[in-house]
Amino acid sequence: MICKKCGADIGENRFCPQCGTPANAGPAQQTQGSPTKVLVFGIIGLALCSTGILGLIFSVIGLVQASRYRAQYGTISKQANIGRGLAIAGLILSILCLIAYVICVIVLINNWPAIERALQEAAAKSGGRYTYTFNY
């Protein structure tokens with residue numbers, strides 16, 4: 001009998017002497033690195049790039065799945081390659097969004113006294129309670 005996982009001769013053994021797979025095991029299932037996983041994580045990473053950290057996480061997962069796929073099969077399929085490209089784009093845009101968020105927080109912190117003063121003046125004009133209306 002031949003092992004379905006590694007191709008070694010099992011003989012009458014219940015387990016493969018090379019890899020330990022049971023003799024009656026079915027075909028090896030693909031558990032990591034499928035091209036669909038790469039594509040899905042690439043799409044999600046790109047879609048969530050404006051959230052910053054979530055886009056970054058999903059993009060990194062997509063890149064890890066792409067490298068697992070390449071390591072498992074020695075090449076990368078068209079679907080996995082597209083997912084890898086989307087994951088890279090999501091990673092870059094997520095990093096840029098995180099940088100923009102940090103800059104916005106720094107600007108807000110630096111201008112907080114002026115913002116607070118404007119809010120207090122608006123509250124004083126409205127009789128002690130603050131109301132704000134959007135003027136377009």
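The values are calculated or read from the model by the stated rules, or taken from the named source; none is laboratory data. Predicted, not measured: the structure shown is a model, and the values here were computed from it. Backbone-built Cβ (ideal geometry, glycine too); neighbour counts: all protein chains shown.
In summary, Asn81 fulfils each of the numbered conditions (1) of a type outside the set (D, E, K, R); (2) touching a Gly at 6+ places or on another chain (Cβ under 9 Å); (3) at pLDDT 85 or above with the single exception of condition (2).
Results for (1) surrounded by fewer than 18 Cβ atoms within 10 Å (Cβ to Cβ); (2) under 11 Å from the mean Cα position of the chain (by Cα), shown as yes or no for each residue.
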site: Asn13; (1), (2): yes, no
site: Gly20; (1), (2): yes, no
site: Ile44; (1), (2): no, yes
site: Ile61; (1), (2): no, yes
site: Tyr69; (1), (2): no, no
site: Ile106; (1), (2): yes, no
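All told, Ile61 falls short of being of a type outside the set (Phe, Trp, Tyr) and in contact with a strand residue (DSSP E or B) (Cβ under 9 Å, 6 or more places away or on another chain). Could you grab me the full set of residues in the stretch 63-107 that are among the hydrophobic types (A, V, I, L, M, F, W, C) and assigned to a loop (DSSP other than H, G, I, E, B)? Once the filter is applied, which keeps residues that are among the hydrophobic types (A, V, I, L, M, F, W, C) and assigned to a loop (DSSP other than H, G, I, E, B), the stretch 63-107 yields only Ile76. Which ones in the stretch 27-42 are modelled with pLDDT under 85 and surrounded by 16 or more Cβ atoms within 10 Å (Cβ to Cβ)? Correct list: Gly33, Ser34, Pro35.
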